[in-house]
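Chemist: Sharing a structure with you now.
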Amino acid sequence: MIDFRSDTVTLPTQAMRAAMASAEVGDDVYGDDPTVNDLQEMAADMFGFDGALFVSSGTQANLLALMAHCDRGDEYICGQQAHNYKFEGGGAAVLGSIQPQPLSNQSDGSIALEDILNAIKPDDVHFARTRLLSLENTIGGKVLPQAYLAQAQKLAFDNGLKIHLDGARVANAAVAQGIKISEITQYFDSVSICLSKGLSAPVGSLLLGDERLIAKATRWRKMLGGGMRQVGILAAAAKLALTEQVERLSEDHANALFLAQGLTGMPEFTVDLTKVQTNMVFATLDKNYEPKYLAQALLKRNIRVSTGRTLRFVTHKDISHQDVLLFLKVLTPCLAEAKIS
Ligand SMILES: *Cc1c(COP(=O)(O)O)cnc(C)c1O
């Protein structure tokens, strides 16, 4: 099966499975799991933070960050398209009593600095207290410019806000720019990163921050039921995600570009090549074709794609250059099956 739906479908490597089988473990709620401690120290070092916390998912990492930065009645500013606004069940509001202040994303994925400034509430009993700015990088596969991150950090600092990065795919952003992950994360007070997407670990995310933030997040994690015991089994794979899978992401980016260029040559699809910066391709299907039928035709040939007028293709470890070639080859007969007028 060639699965373009997401990089979350990546399977753990043989090395990960072997490391999991032989991992040294202990009770992590007591802080006794040596493999978890190793992972957290390694990550803190790699990202340039005091501390790191291994958690079950990216959603949990973002929620812990929001709850560690904000109290009840506080607010965070984020993009209208932000994962931690749109795709996390409203967790900050439901579980943290934190009000989101979503703002439009520009076409490059950023939030206009002027819009952020205008959204910061004055100290007045009518308003929620604006505490935090939350950005996402990559966002929709796009890389936020380094200069923008520096400006956003300054804006946050000048206005007494903390700044969080949803860096689920920050490793993709770093590899695409040929820079270290820490060159991106240096602009933030906290960062979340997913190890179970392109980095191919079976489970887990990290939250990074200073000692105080990590202590608060550890408390919230326990309350939310996220305290885990011999979780070094998972941390063993997570360590390999950081040591063996980061550089490899450049192959995914090359495959995405190759896929996008293939689609650009077809009249049935519209693709903006300037937006293909990492491992995602968005292609809009001509209205004379039914996306659902196209997905069905591809599935018969063991290829899975998302459905929708705009299709999202995500490349990852378990999709090779050969797989992309095969996909482009069978696309023409599949389109014939999906034609409706
Ligand atoms: C996937 C993702 C998350 C959440 O990760 P889960 O592990 O699925 O909870 C958060 N932010 C972004 C940008 C993501 O892509």
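Chemist: So which of LEU117, LEU132 is more than 13 Å from the ligand (Cβ to nearest atom) and assigned to a helix (DSSP H, G or I)?
Modeler: Result: LEU117 is the single residue among LEU117, LEU132 that is more than 13 Å from the ligand (Cβ to nearest atom) and assigned to a helix (DSSP H, G or I).
Chemist: Among the listed residues SER205, SER182, which satisfies the condition of being open to solvent by 10 Å² or more (accessible area, probe 1.4 Å), of a type in the set (Gly, Ala, Ser) and either under 17 Å from the mean Cα position of the chain (by Cα) or more than 13 Å from the ligand (Cβ to nearest atom) (or both)?
Modeler: Residue meeting the stated conditions: SER182.
Chemist: Take ILE193 and tell me if it is more than 30 Å from PHE157 (Cβ to Cβ), hydrophobic (A, V, I, L, M, F, W, C) and buried (at least 17 other Cβ atoms within 10 Å of the Cβ).
Modeler: no
Chemist: Inside the stretch 72-84, can you point out the residues that are touching a residue at least 60 places away in the same chain (Cβ under 8 Å) and open to solvent by 30 Å² or more (accessible area, probe 1.4 Å)?
Modeler: Scanning the stretch 72-84 gives a single hit, HIS83.
Chemist: Scan (1) within 13 Å of the ligand (Cβ to nearest atom); (2) outside any helix (DSSP H, G or I) for the single condition TYR76 breaks and write down its number.
Modeler: For TYR76, the exception is condition (1).
Chemist: Which one of ALA61, ALA68 is near the ligand (Cβ under 10 Å from one of its atoms) and assigned to a helix (DSSP H, G or I)?
Modeler: ALA61 is the lone residue from the list that is near the ligand (Cβ under 10 Å from one of its atoms) and assigned to a helix (DSSP H, G or I).
Chemist: Out of all the residues in the stretch 15-33, is one or more within 17 Å of ILE193 (Cα to Cα) and either in a helix (DSSP H, G or I) or acidic (Asp, Glu) (or both)?
Modeler: No, the stretch 15-33 contains no residue that is within 17 Å of ILE193 (Cα to Cα) and either in a helix (DSSP H, G or I) or acidic (Asp, Glu) (or both).
Chemist: Any chance the stretch 13-22 includes a residue that's within 30 Å of LEU328 (Cα to Cα), surrounded by fewer than 21 Cβ atoms within 10 Å (Cβ to Cβ) and not charged (D, E, K, R)?
Modeler: Yes, that holds for at least one residue.
Chemist: Name the residues in the stretch 235-265 that are open to solvent by 40 Å² or more (accessible area, probe 1.4 Å) and part of a helix (DSSP H, G or I), would you?
Modeler: The answer is LYS239, THR243, GLU244, SER250, GLU251, ALA254, LEU257, PHE258, GLN261, THR264.
Chemist: Any residue at all in the stretch 277-287 that is surrounded by fewer than 15 Cβ atoms within 10 Å (Cβ to Cβ) and not assigned by TED's automatic domain parsing to the domain that holds VAL203?
Modeler: Yes, because at least one residue in the stretch 277-287 is surrounded by fewer than 15 Cβ atoms within 10 Å (Cβ to Cβ) and not assigned by TED's automatic domain parsing to the domain that holds VAL203.
Chemist: If you check VAL281 against the conditions, is it part of a helix (DSSP H, G or I), in contact with a helix residue (DSSP H, G or I) (Cβ under 8 Å, 6 or more places away or on another chain) and at pLDDT 95 or above?
Modeler: No: the conditions fail for VAL281.
Chemist: In addition: Yes or no: GLY160 free of Cβ contacts under 8 Å to residues at least 12 places away in the same chain and either surrounded by 15 or more Cβ atoms within 10 Å (Cβ to Cβ) or farther than 21 Å from TYR85 by Cα (or both)?
Modeler: yes
Chemist: Restricting to the stretch 82-112, count the residues that are part of a loop (DSSP other than H, G, I, E, B), within 13 Å of the ligand (Cβ to nearest atom) and among the small types (Gly, Ala, Ser).
Modeler: Result for the stretch 82-112: 3.
Chemist: What pairs can you find where one residue is in the stretch 183-198 and closer than 10 Å to GLY167 by Cα, the other is more than 15 Å from the ligand (Cβ to nearest atom) and in a strand (DSSP E or B), and their Cβ atoms are less than 6 Å apart, with a gap of 6+ or different chains?
Modeler: SER190/GLY209
Chemist: Just to be sure before I move on: is VAL231 in contact (Cβ under 8 Å) with a residue 40 or more places away in the chain, open to solvent by less than 40 Å² (accessible area, probe 1.4 Å) and within 13 Å of the ligand (Cβ to nearest atom) in the structure I sent?
Modeler: no
The values are calculated or read from the model by the stated rules, or taken from the named source; none is laboratory data. Keep in mind the model is a prediction, meaning the values are calculated, not measured. Positions of Cβ are backbone-derived with ideal geometry, glycine not excepted, and every protein chain shown enters the neighbour counts. Note: areas computed on protein heavy atoms with side chains; ligands, DNA, RNA excluded. Shrake-Rupley method; radii C 1.70, N 1.55, O 1.52, S 1.80 Å.
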